[in-house]
């Protein structure tokens, strides 16, 4: 079932950040296990001058085996008028802004938001361009995950004989709702107007959609989903609907 990002927020009952044991496939039917990654969500906008540095940092994080990186483009910068005019981020959505607000209510107890903002595993936040602080939060989250294997289920991912994504989610304490998140892997956008007029915004793992895959029980599950379109990637997300923490996650396999 294809769902809107607004529905995704409603089903998950809170903002979403992802952490779990993941796997990638280097060939059809072959799964390669990778240690549990920490999931970093970056909230930013192409119309935000300080977001360029945060997006550059996300490019580095996305290349790490121990990190799942997802970029969510918010819409509140779209109305900013500058001397060079206004720039509407083509990847922005009101639902992404709503998700960011939910995070801030839970983590900071504030309804206000800012960019760039990095959320680590739904439990901690920092300025998205604050590299040292962000790397510390990633290390702390990885340590917490290693101390509780049952809290964070494992996932293996492979491409099946029909060239679809196949996932195996192991046992966990709670299970959760499963989603497939699609994203543009890398996009270079020339910005003609706004705060970044004349600059190139290099984005990575820019979220483009969410699809519900059903419910994963405590005992685990076998899931499948279509491979993303050319130039896109995807990730499986299993989220505890009560605590809003990620029970399991994995990038889709690559063929």
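Pick from the range 63-81 the residues that are in contact (Cβ under 8 Å) with a residue 60 or more places away in the chain and in contact with a helix residue (DSSP H, G or I) (Cβ under 8 Å, 6 or more places away or on another chain): which of them is farthest from residue 98 (Cα to Cα)? Ranking the candidates gives 66 first.
Got at least one residue in the range 156-167 being touching a helix residue (DSSP H, G or I) at 6+ places or on another chain (Cβ under 8 Å), modelled with pLDDT under 95 and over 30 Å from residue 86 (Cα atoms)? Checked the range 156-167: no residue is touching a helix residue (DSSP H, G or I) at 6+ places or on another chain (Cβ under 8 Å), modelled with pLDDT under 95 and over 30 Å from residue 86 (Cα atoms).
Residue by residue, here is whether (1) assigned to a helix (DSSP H, G or I); (2) surrounded by 23 or more Cβ atoms within 10 Å (Cβ to Cβ); (3) within 18 Å of the chain's Cα centre (by Cα) holds:
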{"site": "104", "(1), (2), (3)": "yes, no, yes"}
{"site": "109", "(1), (2), (3)": "no, no, no"}
{"site": "114", "(1), (2), (3)": "no, no, yes"}
{"site": "118", "(1), (2), (3)": "no, yes, yes"}
{"site": "126", "(1), (2), (3)": "no, no, yes"}
{"site": "133", "(1), (2), (3)": "yes, no, no"}
{"site": "137", "(1), (2), (3)": "yes, no, yes"}
{"site": "141", "(1), (2), (3)": "yes, yes, yes"}
{"site": "145", "(1), (2), (3)": "yes, no, yes"}
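Quick one: is residue 95 touching a strand residue (DSSP E or B) at 6+ places or on another chain (Cβ under 8 Å), at pLDDT below 95, in a helix (DSSP H, G or I) and within 21 Å of residue 236 (Cβ to Cβ)? Against the criterion (touching a strand residue (DSSP E or B) at 6+ places or on another chain (Cβ under 8 Å), at pLDDT below 95, in a helix (DSSP H, G or I) and within 21 Å of residue 236 (Cβ to Cβ)), residue 95 does not qualify.
Annotation: residue 230 fulfils all but one of (1) touching a strand residue (DSSP E or B) at 6+ places or on another chain (Cβ under 8 Å); (2) free of Cβ contacts under 8 Å to residues at least 60 places away in the same chain; (3) over 29 Å from residue 107 (Cβ atoms); (4) surrounded by fewer than 18 Cβ atoms within 10 Å (Cβ to Cβ); the unmet one is (1).
When the range 234-255 is limited to residues that are touching a strand residue (DSSP E or B) at 6+ places or on another chain (Cβ under 6 Å) and either free of Cβ contacts under 8 Å to residues at least 24 places away in the same chain or surrounded by fewer than 19 Cβ atoms within 10 Å (Cβ to Cβ) (or both), the one that is farthest from residue 142 (Cα to Cα) turns out to be 255. Of the strands (runs of 3 or more DSSP E) entirely within the range 181-255, those holding at least 1 residues that are in contact with a helix residue (DSSP H, G or I) (Cβ under 9 Å, 6 or more places away or on another chain) and closer than 22 Å to residue 67 by Cβ occupy 199-216, 232-239.
Of the residues making up the range 199-219, those that are surrounded by fewer than 18 Cβ atoms within 10 Å (Cβ to Cβ) and within 15 Å of residue 168 (Cα to Cα) are 214, 215, 217, 218, 219. When 9, 57 are screened for being out of contact with any strand residue (DSSP E or B) (no Cβ under 6 Å at 6 or more places or on another chain), at pLDDT 95 or above and either assigned to a strand (DSSP E or B) or within 30 Å of residue 86 (Cβ to Cβ) (or both), only 57 passes.
The values are calculated or read from the model by the stated rules, or taken from the named source; none is laboratory data. Bear in mind the structure is a predicted one, so any value in this text is a computation, not a measurement. Please note: Cβ atoms are built from the backbone with ideal geometry, for glycine as well, and neighbour counts cover all protein chains shown.
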